[in-house]
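The values are calculated or read from the model by the stated rules, or taken from the named source; none is laboratory data. Everything numeric in this text was worked out from a predicted model, so none of it was measured. Please note: Cβ atoms are built from the backbone with ideal geometry, for glycine as well, and neighbour counts cover all protein chains shown. For the accessible areas, the whole protein counts, side chains as well, though only heavy atoms, and no ligand, DNA or RNA atoms are used. Shrake-Rupley method; radii C 1.70, N 1.55, O 1.52, S 1.80 Å.
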Amino acid sequence: QVQLVESGGGLVQAGGSLRLSCAASGSIFSLNVMGWYRQAPGKQRELVASITRGGSTNYADSVKGRFTISRDNAKNTVYLQMNSLKPEDTTVYYCRAFANAYAYWGQGTQVTVSS
């Protein structure tokens, strides 16, 4: 079994920054694509950013130029640096990781951006 533990959410003013972290632990034999998703109330969960083990990245259009995803393979950890935050970025952010050919989700971390 693999566990994903997220941290770094919180309350910030518009224009501010937050850094999310997600650490994978457990019986990990291979850890491939890792990513961040978010889900606003009443809406579908959407991809924010993803990163392969080799470092290739993919971003939602709404966050390009503001968010940066990175990972530390030695620590099995993925990060999401969020700059120039907007009130519309407010929601719960979830980490997702493909480990041992299965997809795992974190418990979610709340990000609130005040105007």
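Here's the list of lysines a cross-link from residue 43 could span, going by alpha-carbon distance under 22 Å and ignoring same-chain residues fewer than 8 apart: 64, 86.
Using only side-chain charges placed at the Cβ, +1 for Lys and Arg and -1 for Asp and Glu, the dipole size of the chain relative to its Cα centre rounds to 100 debye.
The mean accessible area for residues of the chain, using a 1.4 Å probe and ignoring ligands and nucleic acids, is 52 Å² per residue. Mean sequence separation of contacting Cα pairs (under 8 Å, at least six apart), scaled by the length of the chain, corresponds to a relative contact order of 37 percent.
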